[in-house]
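Read the structure below first, then the notes.
The values are calculated or read from the model by the stated rules, or taken from the named source; none is laboratory data. These figures come from a predicted structure and were not determined experimentally. Here the Cβ positions follow ideal geometry from the backbone for every residue, glycine too, while neighbour counts run over all protein chains shown. All accessible areas refer to the heavy atoms of the entire protein, side chains included, with ligands and DNA or RNA removed. Shrake-Rupley method; radii C 1.70, N 1.55, O 1.52, S 1.80 Å.
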Amino acid sequence: QVQLVESGGGLVQPGGSLRLSCAVSTSIFRIRTVGWYRQTPGKQRELVARITPVGRMNYEDFVKGRFTISRDNAKNTMYLQMNSLKPEDTAVYYCNTFPDTSWSWGQGTQVTVSS
């Protein structure tokens, strides 16, 4: 079973930055399109950004120009650099494959944007 370990979340003021990491326990990571997702209480989990095995990136409109997704296939790890954070970015952030989210969800990492 693939294990996903997200980290890097925390409390940050509006306008601040955080860098999330997701360590994946399988080298199959290298051939999969993967994405960052987020969820707030009472809402469905939503895609934030995705990246193909060769590094082609795609972002949802609400994070374009602020977030950057990246990956290191040698380390089976993906990242999300989040800049210009807004209170509405507050959520638990998860990683998984795209579009099928075929791996078991990890515990996620909480991001809280508040003054």
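No other residue among S115, S104, S17 is touching a strand residue (DSSP E or B) at 6+ places or on another chain (Cβ under 9 Å), in contact (Cβ under 8 Å) with a residue 60 or more places away in the chain and more than 16 Å from E6 (Cα to Cα) apart from S17. Tallying residues that are farther than 17 Å from T52 by Cα and touching a Phe, Trp or Tyr at 6+ places or on another chain (Cβ under 6 Å) within segment 79-92 yields 1. Sub-7 Å Cβ pairs linking a first residue in segment 23-49 that is more than 15 Å from I69 (Cα to Cα) to a second residue that is outside any strand (DSSP E or B) and open to solvent by 60 Å² or more (accessible area, probe 1.4 Å), at least 6 apart or interchain, are S25/Q3; Q39/R45, ordered by first then second residue. Answer yes or no: is there a residue in segment 26-43 that is surrounded by fewer than 16 Cβ atoms within 10 Å (Cβ to Cβ), under 19 Å from T90 (Cβ atoms) and among the aliphatic types (A, V, I, L, M). So far as segment 26-43 goes, no, none of its residues is surrounded by fewer than 16 Cβ atoms within 10 Å (Cβ to Cβ), under 19 Å from T90 (Cβ atoms) and among the aliphatic types (A, V, I, L, M).
Residue by residue, here is whether (1) under 15 Å from V111 (Cα atoms); (2) of a type in the set (A, V, I, L, M) holds:
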{"residue": "L4", "(1), (2)": "no, yes"}
{"residue": "V48", "(1), (2)": "yes, yes"}
{"residue": "V54", "(1), (2)": "no, yes"}
{"residue": "K64", "(1), (2)": "no, no"}
{"residue": "N76", "(1), (2)": "no, no"}
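Screening the candidates T97, T101, T90 for the property of being open to solvent by 30 Å² or more (accessible area, probe 1.4 Å) and at pLDDT 95 or above yields one hit, T90.
On the given criteria, is R19 open to solvent by 30 Å² or more (accessible area, probe 1.4 Å), within 18 Å of V111 (Cβ to Cβ), modelled with pLDDT of 95 or more and basic (K, R)? Criteria met by R19.
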